[in-house]
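The values are calculated or read from the model by the stated rules, or taken from the named source; none is laboratory data. Just so we're clear, the structure is a prediction, and the values are computed from it rather than from any experiment. Cβ sites come from the backbone with ideal geometry, for glycine too, and all protein chains shown count toward neighbours. Calculation scope for accessible area: heavy atoms of the full protein, side chains included, ligands and nucleic acids excluded. Shrake-Rupley method; radii C 1.70, N 1.55, O 1.52, S 1.80 Å.
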Amino acid sequence: MARQKKTVAAQTTAQRLDSIVKSARKIMRKDKGLNGDLDRLPVLTWVMFLKFLDDLERMHEDEAALADTPFHAAIEPPYRWRDWAADKDGITGPDLLTFINGEEATRPDGTRGPGLFAYLRGLRGMNGGRDRRDVIATVFRGVSNRMESGYLLRDVVNLIDAIHFDSSEEIHTLGRLYETLLREMRDAAGDSGEFYTPRAVVRFMVERVDPRIGETVLDPACGTGGFLTESYAHMARQADTVEAREQLQSGALKGVEPKSLPFLLSQMNLLLHGLEAPDIDPGNALRFRLSEIGERERVEVILTNPPFGGEEEAGILSNFPGDRRTAETALLFLQLIMRRLRRGGRGRAAVVVPHGVLFGDGVAARIKADLLERFNLHTVVRLPEGVFAPYTDIATNLIFFDTSGPTGDIWFWEQPAPEGRRKYSKTAPLQPEDLADLTAWWGDRRDDPRAWKVNGPGLIERDEAGQVRAVNLDQKNPNAKAAEDHRSPVEIVDCVMAKEREVLVILDELRTLVAERESA
């Protein structure tokens, strides 16, 4: 009976929070300054962020009073949520917008001073150390209020005020709801997908690497914080003492995210999952000279899905050895990860890499040779198409390595396409149960129609001078059956003709362009 009541209460909480968020989004759709979920979610996030901080400050203030110790507020009056937002009939309309956006404004207490965002951006940590004030300042340096109606914004604020961030049950429920919002944001625009790695992939990687209390987890390209929140949940299950919980809250998780929007989203994501002071560096993880990264910067666990296909500026490339510089960002991050892993067999990494990294020559080959000779690359999981849809259809792989190297045998696992379909998609994504066979195989490795092993050192090809010429990790499954074409002869001919027509259209367009240039 008690369990049934608890379940009903949890469902009621979930329904209430879902209703609050849906109502807030409905209100924001009326605002002319917001053009879609990519605009609406950041507004919702910074409003929630400020309510969360005020509830957290109240809790710490009460704890300090009980312990008879001094309390130092991160946000002072009249900028606390309780000062300007909690009164449902309080400041609204143009006055609310001026108070939030203005460099100087009339504050809710009638005095003049910096506007809310200007004040928050100017916060500084006490005693020169990094604390919550620094986090708040960094968040709001990259945030702007894009709502144009102060009346609609007041309606949103009033709704969010009904969320109790001092309730662990509400935070837990809201954390799951927030992940749903992030998925919707990924789907709202193509390049927002870079912020989101499918939850099934994240969880699988975290569970295989198995971060432990007392270790530090780093994601040098953390996006909205998926790997860090999953690592936090994984380690929280081990935190069965006060000391362990304190270790988890201080320094166990570190992220790097230079883009202001995902930086804000990652802060909120981690707060909602229980981390009180997220340690997210707002700079470029590649900005430090590789040779100067020493033992102090090394960590036990790195989990990440770094950006790929991009291009870094010359100043960033100069941080890497001359013969290891490349335009492929994924390869730069791979070098950084190798450098930042703790030595002595304690370091472990799981990284998402694009397919091109596996077969690339030149600089890519030299970097892969470093990986095989200095680290133990023990597993490569080859993912099917569509896992990262709709952001990209580029084939991707998960590589797992540690510092117990050098590499001996490398196990490969080829994750099959979903049964009855050619690939995964946005509407039919990869699910955790799709990885059940891989999970079972992981602990009892043996040859399988989907698994095989290759001698790692034998993949390094050298020229006559002993220089690395090629390292091909693009190893085909020797157990795979040749694909059969079940189409009828007529269907095959129709397909060939359709492709020929596409080629002719392209050639005709090219001919027109050439003709126009010659006549110009």
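When the residues of region 69-84 are filtered to those that are in a loop (DSSP other than H, G, I, E, B) and either touching a Pro at 6+ places or on another chain (Cβ under 8 Å) or of a type in the set (Lys, Arg) (or both), the one that is most open to solvent (accessible area, probe 1.4 Å) is Arg80.
One line per residue, one yes/no per condition, for (1) over 20 Å from Ala221 (Cα atoms); (2) surrounded by fewer than 20 Cβ atoms within 10 Å (Cβ to Cβ):
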{"site": "Leu331", "(1), (2)": "no, no"}
{"site": "Leu341", "(1), (2)": "no, no"}
{"site": "Arg348", "(1), (2)": "no, no"}
{"site": "Val351", "(1), (2)": "no, no"}
{"site": "Val380", "(1), (2)": "yes, no"}
{"site": "Pro384", "(1), (2)": "yes, yes"}
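Taking region 87-113 as the range and being in contact with a strand residue (DSSP E or B) (Cβ under 8 Å, 6 or more places away or on another chain), surrounded by fewer than 17 Cβ atoms within 10 Å (Cβ to Cβ) and not β-branched (Val, Ile, Thr) as the test, the residues that pass are Asp95, Glu104, Arg112, Gly113.
Here Ile91 meets each of (1) in contact with an Asp or Glu (Cβ under 9 Å, 6 or more places away or on another chain); (2) not in a helix (DSSP H, G or I) with one exception, condition (1).
So is Ala417 over 22 Å from the mean Cα position of the chain (by Cα) and part of a helix (DSSP H, G or I) or not?
Values: over 22 Å from the mean Cα position of the chain (by Cα): yes; part of a helix (DSSP H, G or I): no.
Here the answer is no, as Ala417 does not meet what is asked.
Evaluating Met1 against the criteria (1) modelled with pLDDT of 90 or more; (2) open to solvent by 60 Å² or more (accessible area, probe 1.4 Å) leaves one unmet condition, (1). Would you be able to tell me the number of residues in region 448-457 that are at pLDDT 95 or above, over 32 Å from the mean Cα position of the chain (by Cα) and not polar (S, T, N, Q)? Of the residues in that region, 1 qualify. Pairs are defined by a Cβ separation below 6 Å, a sequence spacing of at least 6 or placement on different chains, a first member in region 173-186 that is over 12 Å from Gln15 (Cα atoms), and a second member that is polar (S, T, N, Q); the pairs so defined are Leu182/Thr224; Met185/Ser192; Arg186/Ser192.
Does Trp441 satisfy the criteria of being of a type in the set (Phe, Trp, Tyr), surrounded by 19 or more Cβ atoms within 10 Å (Cβ to Cβ), in contact with a strand residue (DSSP E or B) (Cβ under 8 Å, 6 or more places away or on another chain) and in contact (Cβ under 8 Å) with a residue 12 or more places away in the chain? Spelling it out, it is not the case that Trp441 is of a type in the set (Phe, Trp, Tyr), surrounded by 19 or more Cβ atoms within 10 Å (Cβ to Cβ), in contact with a strand residue (DSSP E or B) (Cβ under 8 Å, 6 or more places away or on another chain) and in contact (Cβ under 8 Å) with a residue 12 or more places away in the chain. Filtering region 15-31 for residues that are modelled with pLDDT under 90, open to solvent by 70 Å² or more (accessible area, probe 1.4 Å) and of a type in the set (S, T, N, Q) leaves an empty set. For Glu103, the criteria (1) in a loop (DSSP other than H, G, I, E, B); (2) charged (D, E, K, R); (3) under 27 Å from the mean Cα position of the chain (by Cα) hold in every case but one, which is (3). No other residue among Leu66, Leu41 is surrounded by 21 or more Cβ atoms within 10 Å (Cβ to Cβ) and modelled with pLDDT under 95 apart from Leu41. Scanning region 391-424 for residues that are over 19 Å from Asn479 (Cβ atoms), aromatic (Phe, Trp, Tyr), in contact with a helix residue (DSSP H, G or I) (Cβ under 8 Å, 6 or more places away or on another chain) and open to solvent by less than 30 Å² (accessible area, probe 1.4 Å) yields a total of 2. Restricting to region 377-396, name every residue that is under 15 Å from Arg208 (Cα atoms) and of a type outside the set (A, V, I, L, M). Within region 377-396, His378, Thr379 meet the criteria.
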